[in-house]
Amino acid sequence: MARKIPMRMCVGCREMKPKRDLLRVVRTPEDEITIDFTGKKSGRGAYVCEDEACLTRAIKQRQLERALERPVSEEIMAQLKRQIAYAAPKPSANE
């Protein structure tokens, strides 16, 4: 029997995607906002696609702050952008 794949909604594009394909930003019980690379930290989480357009939309429309119920620092925003830039596949010059 096939296993059920957990799905989550991206706060930027509002599409349901597999949990493994999304970045999780979490507000911990200590009120810290961090990127959760394991997907297992306790606290209130929000998911964003590994796509710069989705992240930009989530920031511009304040969806990330609304989902976490706290303002998100510029440092976390910059860290998310770096993570997405690192994760995005780079097209080669031959394509």
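Only the coordinates and a few stated rules stand behind these numbers; no lab work does. Only a predicted model underlies this, so the values are computations on that prediction, with no experimental measurement involved. Here the Cβ is made from the backbone with ideal geometry for all residues, glycine too, and neighbour counts use every protein chain on show.
With the crude spin-label approximation of a point 7 Å out along Cα→Cβ, what separation in nm comes out for Arg20 versus Thr38?
It works out to 1.9 nm between the two label points.
Straight-line reach from Lys4: which lysines have a Cα under 23 Å away, not including same-chain ones fewer than 8 places off?
Within the straight-line cut-off, Lys4 pairs with Lys17, Lys19, Lys40, Lys41.
What 222 nm value per residue comes from the helices of the chain, counting each DSSP H run with n ≥ 4 as -39,500 (n - 2.57) and dividing by all residues, nearest 500 deg cm²/dmol?
-9000 deg cm²/dmol
Rounded to whole Å and ordered largest first, report the semi-axes of the equivalent ellipsoid of the chain derived from its Cα gyration tensor (root of 5λ).
22, 19, 13
Give me the percent relative contact order of the chain, please, defined on Cα pairs under 8 angstrom at least 6 residues apart. Mind showing how you got there, number by number?
On the way: 130 pairs, mean separation 23.6, N = 95.
Worked out over the chain, it gives 25 percent.
For Lys81, give me every one of the aspartates and glutamates with a C-alpha distance below 12 angstrom, ignoring sequence neighbours fewer than eight places off in its own chain.
Reachable aspartates and glutamates: Glu50, Asp51, Glu52.
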